[in-house]
Each structure stands twice: as C-alpha cells, then as structure tokens.
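Data block below; observations after.
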Amino acid sequence: MKPGTPTNHRLGGNSGMPKRLEGDFDYIVVGAGTAGCIVANRLSANPKNRVLILEAGGSDNWIWFHIPVGYLFAIGNPRSDWMFRTEPEAGLNGRSLAYPRGKVIGGSSAINAMISMRGQAADYDHWRQLGLSGWGWDDVKPAFRRLEDHFLGESEHHGTGGGWRIEAPRLSWIILTPSAKPRNRWAFQKFRISTPATMRVSAISTSTRSADAAGLPREVF
C-alpha cells in the first residue's frame, strides 16, 4: 500500500450506518484496545505511514470511561463490557466466572481499576529459558521504562517522559499499608496507579490521541 495523505478522522464503533473507507493504508491494526493503540502509536510515529485502526466496540464519549471510579459502572455493563464468561471450572465447583473485557476504543484499559503492575521478573526469565528469545526480564525492562512517566523519577527500574503516567495512590487503607517488618505471608506490597490528576489514563488517551495532537496520519474506525 502507498502512503496516504496525513489526515486524522475518528469514528467510534457502533456508530450507525456502515462507513466506506477510502484510500490506501500502509498498516491496518485490528482492534483499538490496549495493545492495538500502542501498536498504532509506534507505527504512526513515522509520518510517512498512514495507519488505520479498526474497532468493533463503541466510542469512549461516556463520562464513566474518564472518571476513575467509573469502572464500577463500566464492568458488567453491556455498553462497555463484552460480557465474556469463562468455561465452567471443576476447581470452582462447576462455576463460570465473569471475564470483563473493554467494549470501547482503548479496550480494557478504559474500564479497569487503573493499578499499574508489571509481571514478575522470574516469569519473563522462565519464558526465555523455554526458548522465547527476547522476552527475558533484562530484555523487556527497557520497554517498560520507555513506556512510563513515573512520579518517582528516573531510576534503574523506572523511566520518565513516556506516555503512561504512573502516580502514587491518593487514598490509603490500613489493611493495604505495607508493614516494615511483615509478620506473616499475607504482607501487602505498595501499588501504583495510572490516574494523573483526576482523570483515567487509557491506551486511547496516551497512545492515539497524542498522535492526533502531533498531526500524525492515523485513523480510527
């Protein structure tokens, strides 16, 4: 496909009449969820690329997608959640569980509880030992650091200047406060959140809208 003219046009899914897509695209990303938005962001960083994102969910023009407590109204709501369920599990006495997935541009990052958490280093190293080259902890940590804009500043483990703002929680509960000298195995660790100021950070706001502001050629349908 040939590079197209840099234009920005967004249509949320479920917008009524089908829309005819005109022109050529260098890349088509299927799904404007968390991963899709980041992939489109990286691809459209080159202004020569015209990138199309296809999303089956709706637009995020609903207040509860942007207010942090909104996940209480979004999860389990057919407007914002695909309402998936797991298969019945023998270990759960035959029960199936709700499996929330975001039905909106931004995907599940638009309806989750906004806790910023990485996987365990040993898990990544185990994947590398199993033959997944490039997925060891030392391989992926630089990517995590580039992604972040951490409130503690630049360090060995955290980065600044990235699109994903990481903050300390502004609420606290005694039961979730780490003990300096844990007395049992139920000790809790501190967690961080992705809510700068009073608004939620989702993949659509940090990845694709930053490209809009820069005038990069990317379109969301």
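The values are calculated or read from the model by the stated rules, or taken from the named source; none is laboratory data. Model, not experiment: these values are computed from the prediction. Glycine also receives a Cβ, built like all others from the backbone with ideal geometry; neighbour counts cover every protein chain displayed. Remember, those area values only see protein heavy atoms, side chains included, never the ligands or the DNA or RNA. Shrake-Rupley method; radii C 1.70, N 1.55, O 1.52, S 1.80 Å.
Below, the figures for the structure above:
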quantity	calculated
Test: GLY119 is open to solvent by less than 90 Å² (accessible area, probe 1.4 Å) and closer than 22 Å to ALA40 by Cβ	no
Considering residues of the stretch 40-56 that are surrounded by fewer than 17 Cβ atoms within 10 Å (Cβ to Cβ) and at pLDDT below 90 only, the residue farthest from the chain's Cα centre (by Cα)	ALA45
Conditions (1) assigned to a helix (DSSP H, G or I); (2) acidic (Asp, Glu); (3) farther than 22 Å from ILE166 by Cα; number of the one not met by GLU87	(1)
Residue list for the stretch 79-98, filter: without any contact (Cβ under 8 Å) to a residue 24 or more places away in the chain, under 17 Å from SER108 (Cα atoms) and open to solvent by less than 50 Å² (accessible area, probe 1.4 Å)	THR86
Every residue from the stretch 95-110 that is under 11 Å from ASP81 (Cα atoms) and β-branched (Val, Ile, Thr)	VAL104
Number of the exception - TRP135 against (1) surrounded by fewer than 18 Cβ atoms within 10 Å (Cβ to Cβ); (2) part of a helix (DSSP H, G or I); (3) among the aromatic types (Phe, Trp, Tyr)	(2)
Flag if VAL69 is in contact with a helix residue (DSSP H, G or I) (Cβ under 7 Å, 6 or more places away or on another chain) and β-branched (Val, Ile, Thr)	no
Matching residues, the stretch 27-39, being open to solvent by 40 Å² or more (accessible area, probe 1.4 Å), touching a Ser or Thr at 6+ places or on another chain (Cβ under 7 Å) and not hydroxyl-bearing (Ser, Thr, Tyr)	ILE38
Filter pass, ASP125 being acidic (Asp, Glu) and modelled with pLDDT under 95	no
Selected residue (criterion: farthest from ILE111 (Cα to Cα)) from residues of the stretch 57-78 that are exposed (fewer than 15 other Cβ atoms within 10 Å of the Cβ) and touching a Gly at 6+ places or on another chain (Cβ under 8 Å)	ASN61
